[in-house]
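Engineer: Right, I'll just put the structure down here and ask away after.
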Amino acid sequence: MKKVFLGASVLALVAGTAAAQTQTPVRVMWYSDGVEGAVMADILSRFEAENPDINVILDNVAFQVIQEQLPVQLASGTGPDIARVTNLKAQADHWLDLRPYVADPAYWEANFGDRFDWMRPDGSDAIPGFMTQLTLVGGFANATLFEQAGIELPGPGASWDDWIEASRQVAEDQGLPAAFSIDRSGHRVAGPLAAYGETFIGDDGLPAPLSDDAMEFITRLVDWTGQGLMLPDTWVSAAGTTYRAAADDFTNALIPFYYSGSWQVANLSTKIGDAFDWVATGSPCGPVGCTGMAGGAGLVGIRYTQNPEAVARVMDYLASEEVVREFTERTLFLPAHAGIVAEGGLNFQSDDPNVPPALSRFVEASGETLPATDALPAWRWANSVYGALVTRISQAMAGELTLEQARALIDRDIADQVEAAR
């Protein structure tokens, strides 16, 4: 009996080793703003159980890695098999066309096709991937701090000046270190610039020089920082295009107003708990409108993969309606699946009473965006503009550049990238 048992064990070990050797690896580079990394790991574990011939390696990395290291890998013809990215259009030449590999291209077209132009080369009919969620830039207010200070939350149509002044009064009354903060991101300030009248795109489709309208808001932002109304560390303590969120300042109740976006809802709910009440505010208004920036993170195949068929199987699973619905409900994101949007009935998994009205406010604000911001996600040069804005505005905040110098360098930085691409 003992010899038979040992023989069976050896056979099982050999069989297991053979199965492992025949697995096709698919590496996914993933970043998270909140809880979505854990949700994705759980979903992929179920995919692997149903597809034992594929080994999915989920690499959870910082967003900075996606922004700075992934482009270097792509430029050298390497990288992961799948990546979650926000710089979709500018890197479109690196994405795998999934159309020849997915099980039902018509399903992809029907449910994700309205945003394929955000992530594929102009004129292409490629299926590069899908948006894991839609996002909208907008504000959050600490309602408890406003109430304690006896200051009313600015209502619909309130301007940037209105919000900063109200937040200043709250910060002064409550002894806070600052009134507000905006994430260190050119993408985050693009909406306010458009609200002040910036259009970004010239008649020839190339970047237009920065307008006087844009400089009006940039001047305000630099001045507010100089007055101590915005904590300078978020912007000044980093260099280049490095992204830095100010969510911790808000969750720790150091500021009453925070300008970020819908992707922060799950993060704020998790970190704040019942410490204080908070609300989504939409975007403050400029002379032209009250617009945020629509966008999102896309999950794309990488054209340099050695296993496109396996990549497509993973993507088909993750893009299925059942999985997208689960991912949306568990991460508290806005769905990018046309069928789910039309059907509605999402059961967001949160006991936090602040969450449903926050998500509803972002859905409402998505109908308030301006054409100038709506055009940016599918525009090739958007990330060049974002990078120049964040780099030079930071230097102006630090006193390294005057506002006029910053303006000239923003235009020059963008022009240099256009010329280099040519």
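The values are calculated or read from the model by the stated rules, or taken from the named source; none is laboratory data. As the structure is a computational prediction, the values presented were derived from the model and not from experiment. When we count neighbours, we look across all protein chains shown, and the Cβ atoms used for this are built from the backbone with ideal geometry, even at glycine.
Engineer: Give the residues of the stretch 212-229 that are part of a loop (DSSP other than H, G, I, E, B) and either within 26 Å of the chain's Cα centre (by Cα) or within 22 Å of Ala365 (Cβ to Cβ) (or both), sorted by residue number.
Structural biologist: Let us first name the residues in the stretch 212-229 that are part of a loop (DSSP other than H, G, I, E, B), namely 227-229.
Within the stretch 212-229, just Leu229 meets the criteria.
Engineer: A further question follows. Only residues in the stretch 307-319 that are touching a residue at least 40 places away in the same chain (Cβ under 8 Å) count as the first member; pair them with residues that are among the acidic types (Asp, Glu), Cβ under 6 angstrom, at least 6 apart or cross-chain, and list the lot.
Structural biologist: Every condition considered, the pairs that remain are Val311/Asp81.
Conditions tested, residue by residue: (1) among the hydrophobic types (A, V, I, L, M, F, W, C); (2) at pLDDT 90 or above.
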{"position": "Ala18", "(1), (2)": "yes, no"}
{"position": "Leu58", "(1), (2)": "yes, yes"}
{"position": "Pro80", "(1), (2)": "no, yes"}
{"position": "Gln91", "(1), (2)": "no, yes"}
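Engineer: Can you tell me which residue in the stretch 112-135 is nearest to Ser320 (Cα to Cα), limited to those that are of a type in the set (S, T, N, Q) and surrounded by 21 or more Cβ atoms within 10 Å (Cβ to Cβ)? Full working, then the answer.
Structural biologist: Initially, the stretch 112-135 is screened for residues of a type in the set (S, T, N, Q), giving 124, 132-133, 135.
In the following step, the residues that additionally are surrounded by 21 or more Cβ atoms within 10 Å (Cβ to Cβ) were identified as 132-133, 135.
Numbers: Thr132: 11, Gln133: 14, Thr135: 20 Å.
Applying the filter and picking the extreme gives Thr132.
Engineer: Restricting to the stretch 164-206, name every residue that is within 17 Å of Ala388 (Cα to Cα) and not in a loop (DSSP other than H, G, I, E, B).
Structural biologist: Of everything in the stretch 164-206, those that are within 17 Å of Ala388 (Cα to Cα) and not in a loop (DSSP other than H, G, I, E, B) turn out to be Ile182, Arg184, Gly186, His187, Arg188, Val189, Ala190, Gly191, Pro192, Leu193, Ala194, Ile201.
Engineer: Would you pick out the residues in the stretch 311-355 that are touching a helix residue (DSSP H, G or I) at 6+ places or on another chain (Cβ under 6 Å), modelled with pLDDT of 95 or more and hydroxyl-bearing (Ser, Thr, Tyr)?
Structural biologist: The answer is Tyr317, and nothing else.
Engineer: Now for a separate question. Check Glu322 against each of (1) of a type outside the set (Lys, Arg); (2) touching a Gly at 6+ places or on another chain (Cβ under 9 Å); (3) in a helix (DSSP H, G or I) and name the one condition it does not meet.
Structural biologist: That leaves (2) as the condition not met.
Engineer: Okay, next question. Working carefully through the options Ser360, Ser384, Ser366, find the one that is surrounded by fewer than 16 Cβ atoms within 10 Å (Cβ to Cβ) and either aromatic (Phe, Trp, Tyr) or under 24 Å from Val137 (Cβ atoms) (or both).
Structural biologist: Numbers: Ser384 fails: surrounded by fewer than 16 Cβ atoms within 10 Å (Cβ to Cβ); Ser366 fails: surrounded by fewer than 16 Cβ atoms within 10 Å (Cβ to Cβ).
Going through Ser360, Ser384, Ser366 in turn, just one is surrounded by fewer than 16 Cβ atoms within 10 Å (Cβ to Cβ) and either aromatic (Phe, Trp, Tyr) or under 24 Å from Val137 (Cβ atoms) (or both): Ser360.
Engineer: Within the stretch 47-65, identify whether any single residue is more than 23 Å from Glu309 (Cβ to Cβ) and either crowded, with 17+ Cβ neighbours inside 10 Å or of a type in the set (Ser, Thr, Tyr) (or both), and answer yes or no. Working first, answer last.
Structural biologist: Initially, the stretch 47-65 is screened for residues more than 23 Å from Glu309 (Cβ to Cβ), giving 60-65.
From the residues that got through so far, the ones that are either crowded, with 17+ Cβ neighbours inside 10 Å or of a type in the set (Ser, Thr, Tyr) (or both) too are 61, 63.
Yes: the stretch 47-65 contains one or more residues that are more than 23 Å from Glu309 (Cβ to Cβ) and either crowded, with 17+ Cβ neighbours inside 10 Å or of a type in the set (Ser, Thr, Tyr) (or both).
Engineer: Filter the stretch 93-120 for residues that are in contact with a strand residue (DSSP E or B) (Cβ under 9 Å, 6 or more places away or on another chain) and assigned to a loop (DSSP other than H, G, I, E, B); which is nearest to Ala245 (Cα to Cα)?
Structural biologist: Looking at the filtered set, the residue picked out is Met119.
Engineer: If you don't mind, there's one more thing I want to ask. Got a number for residues in the stretch 381-420 being of a type in the set (A, V, I, L, M, F, W, C), in contact (Cβ under 8 Å) with a residue 12 or more places away in the chain and within 21 Å of Gln67 (Cα to Cα)?
Structural biologist: Residues of the stretch 381-420 of a type in the set (A, V, I, L, M, F, W, C): 381-382, 385, 388-390, 393, 396-398, 401, 403, 406, 408-410, 414-415, 418, 420.
Among the residues that remain, those that are also in contact (Cβ under 8 Å) with a residue 12 or more places away in the chain are: 381-382, 385, 388-390, 393, 396-398, 403, 406, 409-410, 414-415, 418.
Next cut, within 21 Å of Gln67 (Cα to Cα) only: 381-382, 385, 388-390, 393, 410, 414-415, 418.
Number satisfying all stated conditions: 11.
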